[in-house]
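Engineer: Okay, handing you the structure first.
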Amino acid sequence: MRRTPTMIERIDADKCVGCGTCVSHCPLDTLRLDENGKAYIAYGDDCMTCYICERLCPSGAIFVHPFREELPPVFPNIPRALGGGAQ
């Protein structure tokens with residue numbers, strides 16, 4: 001049975017600091033900031049599950065559901081944000 005990717009599962013608005021890092025680094029432009037400056041999923045179907053948003057989020061507000069066993073080697077030189085993202 002093939003698993004269907006769920007891509008960006010959630011963005012915790014309480015943890016989001018509104019820095020816009022996820023928005024500016026998403027290669028497919030799937031995220032936006034709302035009127036309160038909080039990140040939200042604008043075009044979830046376009047997400048390619050690269051984990052950049054999750055890895056760069058300084059507050060750990062974004063969770064990308066891991067439908068693969070390993071993180072893909074997309075931009076491997078981007079370090080995980082301290083205290084945020086997937087560990």
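Just so it is clear, none of the values below were taken in a lab; they were calculated from the coordinates. From a predicted model like this one, the values you see are computed outputs, not experimental measurements.
Engineer: Could you give me the ³J(HN,Hα) list for the stretch 37-53, computed from phi with Karplus coefficients 6.51, -1.76, 1.60 and θ = phi - 60°, whole Hz, x at Gly and Pro?
Structural biologist: Those phi angles translate into x, 9, 5, 8, 8, 8, 9, x, 5, 8, 4, 9, 6, 8, 6, 4, 4 Hz.
Engineer: Same structure, new question: Tell me which residues come under 5 Å, amide H to amide H, from Gly18 once H is placed; ignore anything under 5 positions away on its chain.
Structural biologist: Counting only residues 5 or more places away or on other chains, the set is Ala39.
Engineer: List every residue whose amide H lies under 5 Å from the amide H of Glu9, counting only residues 5 or more places away in sequence or on a different chain, with H placed 1.01 Å from N in the peptide plane.
Structural biologist: Counting only residues 5 or more places away or on other chains, the set is Phe63, Val64, His65.
Engineer: Tabulate in residue order the Karplus-calculated ³J(HN,Hα) for the stretch 58-65, using 6.51 cos²θ - 1.76 cosθ + 1.60 with θ = phi - 60°, rounded to whole Hz; enter x for Gly and Pro.
Structural biologist: My calculation for the stretch 58-65 gives x, 10, x, 7, 9, 10, 9, 5 Hz in order.
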